[in-house]
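Report on the following structure.
The values are calculated or read from the model by the stated rules, or taken from the named source; none is laboratory data. Since the model is a prediction, treat every value here as computed from it, not as a measurement. Every residue, glycine among them, receives a Cβ derived from its backbone with ideal geometry; neighbour counts consider all protein chains shown.
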Amino acid sequence: MTSLTDRYVAATLRTVPAARREEIAAELRGSIEDMIDGRAAGGEDTTAAEREVLTELGDPAQLAARYADRRLQLIGPTYYLAWWRLLKLLLSFVPALVGVVAGLVQATDGDNVGGAVGAGIGAAIQTAVQIAFWVTLVFAVLERTNTKLDLPAWTVDQLPQDRPERQITLADAAVSIGWLVIFTAYLPLQHFLSFVPARAGDGHLPILNPALWSFWLPFLMVVLIATVGLEIAKYRVGRWTLPLVVTSAVLDLAFAIPVIFLMQNDRLLSPELVARFDWLSQPDNLDTVATVTIVATIVIVLWHFAESIIKLRRTAA
Amino acid sequence: MASDEILRIHLQELRRGTVVVASLVALRHPDYGYALLQRLAAHGFPVDANTLYPLLRRLEEQGLLTSEWNTEESRPRKFYRTSAEGESTLTLLIADLAAVQTSMTALIQGVER
């Protein structure tokens, strides 16, 4: 039967470089025996002393790391910030991009909206996990090989331009409001000036179903104008707050649900427009357009909602 | 008064570098790991065994200590001794330690309580 000391020395040597193993073993064993003798000389039982000495020396893997001068961390301070920034940068857009592309590809394949959204979310999650794993692995290897990263040193010029307490900049708000105004104006404009010429005679074909002017198109315009109001309120507050997040989600849904409902029932596009194009008038193709539109709408709403939640949490933190 | 945990961390930080200096001084007389541990403890430098043993090896690899196996006694022991290079490094370390002490004294006396 091997003694506890034998087992302790063996466990320590397991991760010590082979070249130095024997010498470390001899020295460590001697030191342990010295320590046991020291306690035994004080009148202690040898077996109890052995246990105490080994407990004092602690986890053999940790002792071995100290002998080998090896760091017990996955990514240390030298690389941590570079790792974290790269990870944040990649995670901020790559999974979303891959998810949208995967979802849209799936959407063109059939008219299964739920399946396409699921495929998009699944692809985004897989991409995020892969990015996190590989980036971390590369940095863990750099940490262990002590590779020099020739990153530019930090300078004061890198300080953010904006006042840090303002989350929503004037430029952000202006761009959002600009797009909303253009979009709102486009709804009536497309009825007269769609640039899709009628097949016979002159004039333009409306893109959206003119029958919707009785209620849905004015309703969507009201929602868009309300969203402009929300953007202005958000800019005045300077950051996302819980009421803003809720209002934003309600407005997004108020826009998206009618669009999805109308598209699903083939009521969104004007029948004249559909008849104008041979490709579009095939029921299968029209379904594909409907599915892609619906999936894109759902993804945009989810994305927007997730973004507002993340920014809300960031201000709360 | 800060909590025991905070105090413990600061004391540990304060003591960390002094173990190297104390070991280099003590090993002007050659000694093996456990005996050095006892001597340092007796002189008010309590060091954990799992810190000191790897430290001795590191100092040896840095050339600040030399070592020799002694097989005359009951069990073979590795004796460390401060090398010439270790001695010149030690001189600089002690000078710096004294400078820290001087600066600290001046600061303590200069600051009105």
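Quick look at the values:
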{"item": "Members of segment A:180-217 that are closer than 21 Å to A:D252 by Cβ, without any contact (Cβ under 8 Å) to a residue 24 or more places away in the chain and surrounded by 13 or more Cβ atoms within 10 Å (Cβ to Cβ)", "result": "A:Y186"}
{"item": "Given (1) surrounded by fewer than 17 Cβ atoms within 10 Å (Cβ to Cβ); (2) at pLDDT below 90; (3) within 21 Å of the chain's Cα centre (by Cα), number of the condition A:I168 does not satisfy", "result": "(1)"}
{"item": "Qualifying residue in segment B:5-24 (condition: surrounded by 14 or more Cβ atoms within 10 Å (Cβ to Cβ) and either assigned to a loop (DSSP other than H, G, I, E, B) or basic (K, R) (or both))", "result": "no"}
{"item": "The listed residue being over 28 Å from A:L312 (Cβ atoms), at pLDDT 80 or above and not assigned by TED's automatic domain parsing to the domain that holds A:V16, out of A:L137, A:L89", "result": "A:L137"}
{"item": "Segment A:200-239: number of residues that are in contact with a helix residue (DSSP H, G or I) (Cβ under 9 Å, 6 or more places away or on another chain), outside any helix (DSSP H, G or I) and either within 18 Å of A:V274 (Cα to Cα) or not assigned by TED's automatic domain parsing to the domain that holds A:S270 (or both)", "result": "7"}
{"item": "Subset of segment B:33-89 [in contact with an Asp or Glu (Cβ under 7 Å, 6 or more places away or on another chain), within 13 Å of chain A (Cβ to nearest Cβ) and outside any helix (DSSP H, G or I)]", "result": "B:S67, B:R75, B:K78, B:F79, B:Y80"}
{"item": "In segment A:287-312, the residues that are under 21 Å from A:L217 (Cα atoms) and surrounded by 15 or more Cβ atoms within 10 Å (Cβ to Cβ)", "result": "A:V289, A:A290, A:T291, A:V292, A:T293, A:I294, A:V295, A:A296, A:T297, A:I298, A:V301"}
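Matching residues to (1) more than 14 Å from every other protein chain (Cβ to nearest Cβ); (2) surrounded by 14 or more Cβ atoms within 10 Å (Cβ to Cβ); (3) under 27 Å from A:A153 (Cα atoms):
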residue	(1), (2), (3)
A:S3	yes, no, no
A:R14	yes, no, no
A:D37	no, yes, no
A:A48	yes, no, no
A:T55	no, no, no
A:L74	yes, yes, yes
A:Y80	yes, yes, yes
A:W83	yes, yes, yes
